[in-house]
Every structure is written in C-alpha cells, then in structure tokens.
Amino acid sequence: MIILIIQLTLINAKDYFISFDFSSTDYVLRSYNFNCSAAMTNDNNQKYIFLFEFPTRYKNISDVCKFNQAKIIKYLLKYKFHISSNETKKNNYLFSRIKGVFLPKRFDIIIKNGFVKFYLKE
C-alpha cells in the first residue's frame, strides 16, 4: 500500500529538484554530487521564473539531466549559489578551502518540440 502511494505521488509530481556542489582546483570550478530527481510532492505554488532552454534529443527528464549535466550547471551558475571558505594553519602551512553549493531548488522541466525548458518555482 505504501509503495502504491509513493508511486502515485511520483507519477503526479511535476516538480524536480536539482542540486550540486563545487570545488576549486587550480582556480577552476569543478562540480560533483549532481542530483536531478523528481520531488515527492507536487507544490501548488504557481510562481514560475523562466531560466533557460536548450535543444535536446532525449525524451525523458532523467536522460536530459544525466547527459547534459555540464550544460545545466553552466546555466545555473548564473543563478544564486552559496560560497563558503575556511583557512586552517598547521605548523608552517596555510590550508585554504573554498566550496560552492547550489542548494536544492524546485524546477518545472518541460520537454516540447525538441527543446527542454527549465522554470524555477518560487
């Protein structure tokens, strides 16, 4: 019974979560922990902000996210993400760490006529 409820919730869910982390190596940002998954519940909030679109040949959202991670991250870098840094000193060495995180946000992702469109839900 619980499995049926979860499946129906995922089928009816239109929202998706996207999140990822960054690290800096030799002044180059590298992303990791990319996650694009369906939300467990559908948010009835109707505020949408169009972010970006690009052509795709894939027909489902998971394939679009899987094979276009770099492109999605490139577009989302123009949107808000959090940067934190810390420095520690051990003996005569100074260790510096800078980390960027794109916190999970709700998106409405629509595939239509060979284009995928990303709308941020506020």
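Where a number appears in this text, it was derived from the coordinates with a stated rule and is not lab data. All figures in this text were calculated on a predicted structure; none of them were measured in a lab. Cβ placement follows ideal geometry from the backbone for every residue including glycine, while neighbour counts extend to all protein chains displayed.
Bin by bin, in steps of 10 Å, what percent of the Cα pairs in the stretch 39-122 do you find, going until the bin that has the longest distance?
Going out from 0 Å in 10 Å bins, the stretch 39-122 shows 14, 38, 26, 12, 9, 2, 0 percent.
What list of ³J(HN,Hα) couplings, whole Hz, do you get for the stretch 66-73 from phi and the Karplus terms 6.51, -1.76, 1.60, once you set θ to phi - 60° and write x for glycine and proline?
Ordered by residue, 3J(HN,Hα) equals 5, 8, 10, 4, 4, 5, 5, 5 Hz.
Hey, can you grab everything whose amide H is under 5 Å from the amide H of Phe54? Only 5+ residues off in sequence or another chain; H modelled, so Pro and N-termini drop out.
For Phe54, whose amide H was placed from the backbone, the distant partners under 5 Å are Val116.
Taking other Cβ within 10 Å of each residue's Cβ, how do Thr56, Thr88 sort, fewest first?
Ranked by crowding around the Cβ, least crowded first: Thr88, Thr56.
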